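Every read-out reported here was derived from the displayed coordinates using simple, explicitly stated rules and does not represent laboratory data. Keep in mind it's a predicted model, so treat the numbers as computed, not measured. A quick note on method: Cβ atoms are made from the backbone with ideal geometry, for glycine too, and the neighbour counts reach across all protein chains shown.
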Amino acid sequence: MKIKTSLVSMFFFMVLGMLCGQVSASDYNGNWPTWRGPLFTGEVVKGNPPTIWSETKNIKWKIPLPGKGLSTPIVWGDQIFLTSAIPLDKKASEETLAKLKDGQASWMQPKLPEYLQQFVVYSIDRNNGKIIWQKVVREQFPHEGTHTDGSWASQSCVTDGEYLIASFGSFGLYCFDLKGNLIWEKDLGDLNIRASFGEGSSPALYNDYLIVNWDHEKDSYIYVLNKKDGEVIWKKKRDEKTSWSTPIVVPVKGKLQLIVSATGKSTSYNLQNGDIIWEISGMTENVIPSPVTDGELVHLISGFRGAAMQTIRLDEASGDLKESSAVVWTYNKNTPYVPSALLYNGRLYYLRGNDERLSCVDAKTGKIFYEAEKLDGMKGVYASPIGVNGLVYVLGRNGMCYVIKDGEGLNVVSRNQLDDNFDASPAVIGNNLYLRGLKSLYCISE
């Protein structure tokens, strides 16, 4: 039987050739360099993790994590990289807290920065859970609160196997080599986040370009920096309020499109000079999910106080897409608020809001295979689903993880429960599944 190369595979090799010229395909396949994996879609290129586990079964190792961080573990070689904000034994003055409280959205009841925070980057041996190195990059009282579910260390790191970028948003951007040596650091100022919901957009890395989404309630920008020295290559002012979406980069017809979702307009920029290639309105407020693409179509999605999904054909997209035929299909029901979608084997998997209700649609046509199906026993979802070895993993906030067969019907393979709460997204390397809880980091392996 003749095997036809999928568009996703073709896209992957285009990305690989431009992103990691010195890295082999097998090396890239075997790592988790960004929070959504090597394809930026949640798909595991090569892996076979367990489908059954518990606190007493298939736990290779488990280590406690100090402080609080919601960043997804990223992996290169034998190292796991993640961040945390650790409260120190130094309390803010009553006067400072009163001023902070006056400036917050009282209806939201944000978590105020009562204690000095220590911002830490960790390298952990993925084979045994031992800390290889840890770097304290800053100690500071945050200038504003965060969501009660949030953290001052929510952004995930990104690496290309040579440079490791850790972002703490308002508390600095830091570049290390993989041995933990600081190469450069940069402070872009303070973000002023809507309703003190907290920061969360992760940096993106493509070739030498480091991309930072700086959307907030004051002057918003998209920054493109040189990964080697942190210098600004270009920045573009944006007419946007707070968004949390992590940008992606897609090669299209000889150009590199930098795509970022946002409430006012989702925009594609020419990565090399910042020129706008196309833009489209139609997302909801508080855009958090990142776009996903197979290189032919890009899917934009959001779901706060409404629902929106737009699928755009990239080689036709130009200018304002409001009435363009480049918009292949749209949908306005059951889309996610916090979790990003999984694009896997031509299907989109996504949650409704932050609820444990899963939908699956045909990515090319929008045909619904199943919609808002309840995952019993799970209570809320912030983590984004992943796809591996013909299976879909959906991790709930209460420590329950569903393993579902990839396909047009909801076919549950297993349900697994851990004694922790999970908001960070899973990562897979080979036969190992890495889950970051609020208390511990788990390596799940048979």
Need the C-alpha centroid separation for the stretch 215-280 versus the stretch 124-160, integer Å. 24 Å
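Could you list the trypsin sites (Lys or Arg not before Pro) in the stretch 224-267 that lie in coil according to DSSP, counting only those with at most 16 other Cβ atoms within 10 Å of their Cβ?
Lys228, Lys253
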Which lysines have a Cα lying under 17 Å from the Cα of Lys179, excluding residues fewer than 8 positions away in the same chain? Lys130, Lys135, Lys227, Lys228
Of all beta bridges DSSP finds with both residues in the chain, what is the antiparallel percent, to the nearest 5? 95 percent
Set of aspartates and glutamates with alpha-carbon distance to Lys367 below 20 Å, sequence-local pairs under 8 removed: Asp294, Glu296, Asp406, Glu408
Can you put His299, His216 in order of Cβ neighbours within 10 angstrom, beginning with the fewest? His216, His299
Computed on Cα atoms, Rg of the stretch 72-201 relative to 2.2 N^0.38 Å comes out at 1.12
At a 10 angstrom cut-off on C-beta neighbours, averaged per residue, how do the peptides 219-226, 181-188 rank from highest to lowest? 219-226, 181-188
Within straight-line cross-link reach of Lys379, lysines at Cα separation under 25 Å, skipping those fewer than 8 residues along the same chain: Lys57, Lys62, Lys68, Lys111, Lys333, Lys405, Lys439
Rel. contact order, % - alpha carbon contacts under 8 angstrom, at least six apart, the chain: 15 percent
Output wanted: per-residue J couplings in Hz (rounded whole) for the stretch 270-277, from phi through Karplus 6.51 cos²θ - 1.76 cosθ + 1.60, θ = phi - 60°, x for Gly and Pro. 6, 4, 7, 9, x, 5, 7, 8
May I ask for the equivalent-ellipsoid semi-axes of the chain, computed as the square root of five times each C-alpha gyration tensor eigenvalue and listed largest first in whole Å? 29, 26, 23
